[in-house]
Structures are given as structure tokens and as C-alpha cells.
Amino acid sequence: MKFDHKMSRRVFLAATALASAATLLPVSLGHAADWPSRPVTMVVPFGPGASNDIFTRQLSEVLSRDLGQPFVVENKPGAGGFTGSLAVSQATPDGYRFLELPNSVVAFGPIMGVQLDPLTDLTPIAILATSPGAMVVPADLPVNSVKEFIEYANNRSEDTFVGYVGVGATQHQMAEKFKTLTGVKLKSINYQSAAEGQTDLVAGRLQVLFSTIAGVLGQIQAGKLKVLAYTNDSYAPGSPPAPTMAEQGVEGMEGSQVWWGVFGPKGMPQDITDQMNAAINKALDDPAMVTVLTNAGAVPVKGSPADFVKAIKDEAEIVQEFVKLTGFQPKQGG
């Protein structure tokens, strides 16, 4: 299914529910009866505590229960997610090693300049959830809107810094696109981990960060950070309220959001692909899984492997638009 970022939040959620019912493959969890017969590894190509790490741990707990074998999370960070992704792409496609990561995988080639195509070097299994980007600043920063932030940054005698994790990652795309669309004077800092960037943001050494609510919700609830805007209005119920970028006069960021998905190595057998897809879709009905996602500002999204392939192709168009808009040139190896 294609995510239409011009839809209202209510229509988005309704469309997601309808697509879930219409597109799920009629695959029984009993298909490929000999799988899994031993523990399964779920690789997260980022460090512990990142949003996709949290999601994967909850998903693994549900899959372990439903499929009768341990699903074990392995954190393999490095190069903006490329290191762990490459390792899974080269693994034996026998259904015992999977990868969970966000849509930044689509930017590996066009932006990071590394060779890993999610459609040809991996096997798309299932989408888990989506979340719009959030423009987040320290709670004590003397601005309360996007316009005020732009004025603050452009009139500031010192440098104003925006952070991201990994060249080509979605955070980086959002930051560069915001700079291009508004002309705001910002210096970018590439952090090794989301935790480092958030620490500097809370401390005021960094003035703005584009993130998902999942990554910064704790600091927002603690009154250390605040949300100035979302890239679109498809955030989950219960997320901290804020207007969209377009509502504050910055149009063109509606498509900038994050999705999380599960991949297998290249050449995964179709029967195991279908069984894993069905198991993940079932897990998205689990109350604990739904709670983890929605409490983090993410909207659960069910779909078939074919739906996931289409979402990846749609994301590739967004990345190409970003490259064209910003004139960004990839750096080999990130």
C-alpha cells in the first residue's frame, strides 16, 4: 500500500485498517511446517534503546510465544545501519536470521553511496509501523513555533546545530530538507548514536533534532524537550500534540516520515517469507505490541510482502526527490 501523506490522520488510520483486511495473504502459520525448528535471530543494525530496538524486542517476544522457538535480538550497529544490514544480506536464507530497520535502508545507495538494495539484496517480509518526523528542541529554547525557530537561528550570533545519526538516515534527510526549504542557517552534526544526540539536545549543545516521537518521548514527558511540529499528521493517538510543518508555513516535508520493517536475506524461500509475514501481522494485533508502538507515537501497519515492496518503491521516489531538491552528493561509505 502507498502511504499518502496528504491524507488526514483519521483517513490514514482508516485506510490502514482497510488495507490490512484486504491485502493480507491467506497464509496459515502451519505452512512450512518444519520452520522454525531452532532459535531465530532478529538483527537490529543500531545500538540498544533505539526505537527499532524497542519494537524488535517486543515483536520477538510475541513471535517466540506464537511460533514456539526463541526469537533473539542481536544489536549490530555501525555505518548508519549498513553494517548489520549487510551481514543479514549475506546470511544463509533459511529463515533463521532476519533484519529489522527503518526506511533509511532505501537511502543506502543514493545517499550513503554504499551498495545494498533492499529489493535485490534483501527479501522484504513485512512493514511494522509508521511515524511522522518530529522537530524537537530543548524545552528551555525561547521558541514555540517553526517560524520563531527560524528567526532564532538566523539571528543568533553563535552557530545553531542540528543533529542526526548516520549519513543518509531519515533524520539526516529531514534536517537537510528543512534547511533547503527554509534557508535557515544550521550546522549539521553526525552522531554515532541517537542517545548521544539526545543528550546534547537536552544539554543545549544541540538546538534542534528531527526524530520520531519514539526516540524522544521520555525526555518530552520529563519536560526536557518539546515538539515544535510534525512532518505530517499521521501520528498515533496519545502523541504529544503539535501542528504540522505545512500548517506552520513549511510545505514539502509531508512525505518525510519513518517506517519500520522486517527483511530476510536475499533469496528467502517464499513459504517461509509468507509464514513470517503472517506471524508478524498476527503479532500486530497483540495488545502489548500495539501498546509499545502507539505509546511511541507509531501506527501499526499490516500488509503482505507485496505491499512492503510497493512501500519501498514509494520511498525510493521520496529519496530521489530529496536528492534532486538538495543536490546532495553521496560520500562513499557514509
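The values are calculated or read from the model by the stated rules, or taken from the named source; none is laboratory data. Keep in mind the model is a prediction, meaning the values are calculated, not measured. All Cβ positions, glycine included, derive from the backbone under ideal geometry; neighbour counts span all protein chains shown. These area figures cover heavy atoms from the full protein model, side chains too; ligands, DNA and RNA do not enter into them. Shrake-Rupley method; radii C 1.70, N 1.55, O 1.52, S 1.80 Å.
See the values below:
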{"read-out": "About the Cα centre, charge dipole magnitude for segment 256-332 (Lys/Arg +1, Asp/Glu -1 at Cβ), debye", "value": "260"}
{"read-out": "In segment 177-264, trypsin sites (Lys or Arg not before Pro) in a DSSP loop with at most 14 other beta-carbon atoms within 10 Å", "value": "Lys185, Arg205"}
{"read-out": "Theoretical gain in end-to-end length, Thr92 to Ser64 [0.36 nm per residue, Cα-Cα removed]", "value": "8.0 nm"}
{"read-out": "The chain - charge dipole about Cα centre, Lys and Arg +1 at Cβ, Asp and Glu -1, debye rounded to 20", "value": "340"}
{"read-out": "Binned Cα-Cα distances of the chain, short to long, each 20 Å bin given as a whole percent", "value": "33, 58, 9, 0"}
{"read-out": "With all protein chains modelled, accessible area of Met112 [1.4 Å, Å²]", "value": "10"}
{"read-out": "Per residue value of the accessible surface for the chain (all protein chains in place, 1.4 Å probe), Å²", "value": "40"}
{"read-out": "Within the accessible area of the chain (1.4 Å probe), percent carbon and sulfur", "value": "53"}
{"read-out": "Among Thr41, Val73, Leu181 the positive-end extreme of the charge dipole of the chain (Cβ point charges)", "value": "Leu181"}
{"read-out": "4 °C / 1.567 mPa s Stokes-Einstein diffusion coefficient of segment 180-257, Kirkwood radius on C-alpha pairs, µm²/s", "value": "95"}
{"read-out": "Gaussian network model of the chain, springs between alpha carbon atoms under 10 Å - residue of Ala107, Ala33, Ala296 with greatest fluctuation", "value": "Ala33"}
{"read-out": "Contour minus Cα-Cα distance for Glu251 and Thr180 (0.36 nm per residue)", "value": "24.4 nm"}
{"read-out": "Listed residue (Met289, Gly215, Leu59) projecting farthest to the positive dipole end of the chain, Cβ model", "value": "Gly215"}
{"read-out": "Beta bridges by DSSP in the chain, antiparallel share as percent, to the nearest 5", "value": "60"}
{"read-out": "Hull volume in cubic angstrom per residue (convex hull over the Cα atoms of segment 142-280)", "value": "141"}
{"read-out": "Spacing of the two label points (7 Å from each Cα toward its C-beta) at Thr199 and Leu325, in nm", "value": "3.2"}
{"read-out": "Modelled FRET efficiency - R0 41 Å, Arg38 with Asn295, Cβ distances, 0.05 increments", "value": "0.80"}
{"read-out": "Simple label model, 7 Å out from Cα along Cβ direction - Glu74 to Glu151, nm", "value": "5.4"}
{"read-out": "Label-point gap, in nm, between Asp271 and Asp140 - each point 7 angstrom along Cα→Cβ", "value": "6.3"}
{"read-out": "Residue with peak Gaussian network fluctuation, the chain [Cα springs, cutoff 10 Å], from Thr41, Thr273, Thr182", "value": "Thr182"}
{"read-out": "Span-like helix ranges in the chain, DSSP H, alpha carbon extent 20 angstrom or more, Kyte mean at least 0.0", "value": "9-23, 305-326"}
